[in-house]
1. List every residue pair whose Cβ atoms lie under 6 Å apart, where the two residues are 6 or more positions apart in sequence or sit on different chains, the first residue falls within region 621-636 and is farther than 20 Å from ILE649 by Cα, and the second residue, located anywhere, is surrounded by 16 or more Cβ atoms within 10 Å (Cβ to Cβ) and among the charged types (D, E, K, R).
2. What is the number of the single condition among (1) in a helix (DSSP H, G or I); (2) of a type outside the set (D, E, K, R); (3) buried (at least 22 other Cβ atoms within 10 Å of the Cβ) that ASN532 does not meet?
3. So if I check each of ILE203, ILE188, which one is more than 28 Å from ILE71 (Cα to Cα) and touching a Phe, Trp or Tyr at 6+ places or on another chain (Cβ under 8 Å)?
4. Could you go through region 46-62 and let me know if any residue there is of a type in the set (Lys, Arg) and either assigned to a loop (DSSP other than H, G, I, E, B) or assigned by TED's automatic domain parsing to the domain that holds LYS351 (or both).
5. Strands (runs of 3 or more DSSP E) wholly in region 673-778 with at least 1 residues that are under 17 Å from PRO611 (Cβ atoms) and either at pLDDT 95 or above or touching a strand residue (DSSP E or B) at 6+ places or on another chain (Cβ under 9 Å) (or both) - which ones?
6. Within region 651-672, work out how many residues are out of contact with any strand residue (DSSP E or B) (no Cβ under 9 Å at 6 or more places or on another chain) and crowded, with 18+ Cβ neighbours inside 10 Å.
7. Can you name the condition, by its number, that ASN460 falls short on among (1) of a type in the set (S, T, N, Q); (2) assigned by TED's automatic domain parsing to the domain that holds GLY245; (3) outside any loop (DSSP other than H, G, I, E, B)?
8. Which of the residues that make up region 437-450 are in contact with a Phe, Trp or Tyr (Cβ under 9 Å, 6 or more places away or on another chain), surrounded by 14 or more Cβ atoms within 10 Å (Cβ to Cβ) and more than 14 Å from SER470 (Cβ to Cβ)?
Amino acid sequence: MKLKSTLVPICAAFALSSVHLGVQASTLAVNLSEEVKITRTEHGIPHIQAKSLFGLGYGNAYAQAEDHACILADGYVRVKGERAKYLGPHKNGQDNFFVSLDLGYKIIDLHGRVEREYANLSADTRALAEGFAAGYNQYLQDVNLGKATLAPACDGKAWVKPIEGVDVVASVLASAVQNSIGRLLVQILQANPGTGTEWLPVIAAKQDSAEAEPWLMANNTNYKPKQLTQGSNGWALGHEVTSNGRGLLLANPHFPFNGNLRFWANHASVEGDFSTMGASVVGVPGIVNIGFNQNIAWTHTYSAARHEVIYQLELNPANPLQYKFDGQWQDIEKKQVNVDVLTPMGVISMKKDYFTTPIGYVLEDQKHFKWDDKNAYVVRDTNLNNLEGIDHWLAMNRATNLDEFINTFKTLDGLAFNNTLVADDQGEVFYIDDSNVPDLSAMGEELLRSHPVISQVYKNTRMAVLPGTSSALVYQQEVPYERAPKLRRQDYVQNANNSYWLANLDEKLSGYSLLYGHVDYKQTRRTRYNLNLLRFARGADGKFDRHELENIVTGTSASFELYKPTVMAACALYSGQTLKVTETLSMPVDPACRAFAKWDGKFNANSVSAPLAKEFFNLLEDENLLVQFNPAFPAVTPSIVKADKATLIKLLAASKQLENAGFAIDAPLGELQYLQKGERRIPWPGPHHNSGGFNVYSTTNAMDLTSFAPQLASPIQEVLNENWKVSTGLSTEGYPINYGSSWMMVVGFDQHGPKARGLLTYSQSNNPHSPHFTDASEHYAAGKGLIDLPYTDAQIKENKVSEITLNVKKD
């Protein structure tokens, strides 16, 4: 693993030595032209066959643009901080959405960071990025010539414009920081030593019109973006637990259904170099993020680790722009950014002051991180200068065995926020959390573990807040490979977004930096279900095969279905009675109990009363369970619902919530839960995370940062706490699905190579003009399972749906 010094100010130009694996001969060949073939198979999966990395990037971008040009175009102007220039300051009402994010992106300067370092990036990264830019630009040119189309969301829009390789790499970098410093942009905007509205941006120049009004961002300062969260289930199974003694992989990333973090299935092949199939996040140039090749298969889950540290500065009582560091007063530097904003008077320029130190950007939150006469706070992010992502995934795509795959983590450090799980054709498996984690000193680790205030803040909020008074506490690098949590075995490794602790129940991991997450702590309902499926869902031979894994990944069960008999016993005990649900609400027991009795224990679209079960399980807390958490039995505790009045009150409240939303309490799931695809409303199966589900779905669209993300109806209020919105997202529209199981994949091996099946649940294309806008979604909703993934040339030819050949010319 390469260690990058982060001692210099993060807002200044930085130097980063790019380390990558040996470049293949085909990469360095300077072909002035080549042909790239794009063959689409079932559900529109493109197989891109090229002779160079440039050609692969070109063909990949052209195919991506056919499906997602609008998402790509919106992302490029977002990362450059230019959306308000084209779209105005607001997205919905007076929310300041575009202008606030533009200012934030201008401040952290992702595009500028890449631009300054671009010439020093590896030849591989530049070839992929420049090929991708050329292929994307060719697609836009074909649109102008009438040979291709754009989706209505961006057709004819001025912000759809040509790009360069820098834009491609900056887009990848934006994904790397989206859940660390990316979720603190508003707090960075609000940082100011003043006590009033000094933090607000101002108009940079007077308008000619006498009617021009001053910019008042204070119209709405409550525009903080929600914390972006990802989920996933990942299993890698070794020869000890597989029926044929070879490796098996289950990939089940839970990601947004739209936006720049949407998955896109593809097959990347470079002649004489590598052939890898799977899925990638939209905008990743050419390579596969989660997939397989001839000998290995891998997946990722979102790590529980922290990638940023917030440091508390001790201020000079005589000067709020100075802080004490190593016994000396240091200056907080004030800088300025400008953004263009479209208004009724035309485009105006706005300027905004921001503040930075060599440690990091100053941020302010009046509740948690107030800049007063004693303290200010700065954030330092390990991923802000992380430009190795493309190189790292390329090296994984090229790996021909498990040792080569593992070696990528020793030489590269590009996986910003991922756990990685991999299985090979010989039946070995490997797990690592090699996300970029700050390498704290022993003193910093001790404060996180033992300080009476700092440790409690971290335990309760998962935010690491340390004193910024000493160089001994300010980290300078990421944790190296040797000290990252990892495990190599012959049975299994798993992760479902809790920490590394239980990658394998028989070999619990511990002793790593606290920033990787806790040990000996309660696991989520979904993680507990994962662990129990691994133990008890095997076939008659006590082992797993591909068919059994497919049933698990596409299944609609949830662990809390086991509680139904106990709940029905409580219903019998209180039958005929009326219970007090709140101070102003009493309800008869029997109607809700009769409805719950109809539930079949599944979350199929036709499962009657499944919404009632979903709302009920979401309200259950540990206090409603008989057995509390025991770290000696983490897979089965807490458990066993109590057959008492408190449990029934939760069931009654759940039924009332459904009534308040306008639905029958015994309505089938598909009446409420659906995927909207254009004018088509598709009833959608699958449980919720808090039901203890595996293949889970949610209404949240907080991770869709596109300008055309749908505005959702506000969830109704909880019955038991009128100050809370229902966390299932239940609204008068039901449960419109925007997040959850995305790319489903099961990969095994035999003596001939990989045997893979997969499905992109929300379909390959976001362009309503495409024949692949709804086909995979209808396939999933109908319960048809996964599809075969053609990997060999013969399989691709046999399953061909369409094919084009691009003539790639290099300047």
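The values are calculated or read from the model by the stated rules, or taken from the named source; none is laboratory data. Please read these numbers as outputs of a predicted model, since none were measured by experiment. Ideal geometry is used to build each Cβ from the backbone, glycine not excepted, and the neighbour counts take in all protein chains shown.
1. Partner pairs satisfying both residue conditions: PHE629/LYS522; ALA635/ARG528.
2. It is condition (3) that ASN532 fails.
3. Going through ILE203, ILE188 in turn, the sole match is ILE203.
4. Taking every residue of region 46-62 in turn, at least one turns out to be of a type in the set (Lys, Arg) and either assigned to a loop (DSSP other than H, G, I, E, B) or assigned by TED's automatic domain parsing to the domain that holds LYS351 (or both).
5. The strands (runs of 3 or more DSSP E) meeting that bar are 673-677, 680-683, 739-741.
6. 4
7. (2)
8. VAL437, PRO438, ASP439, LEU448
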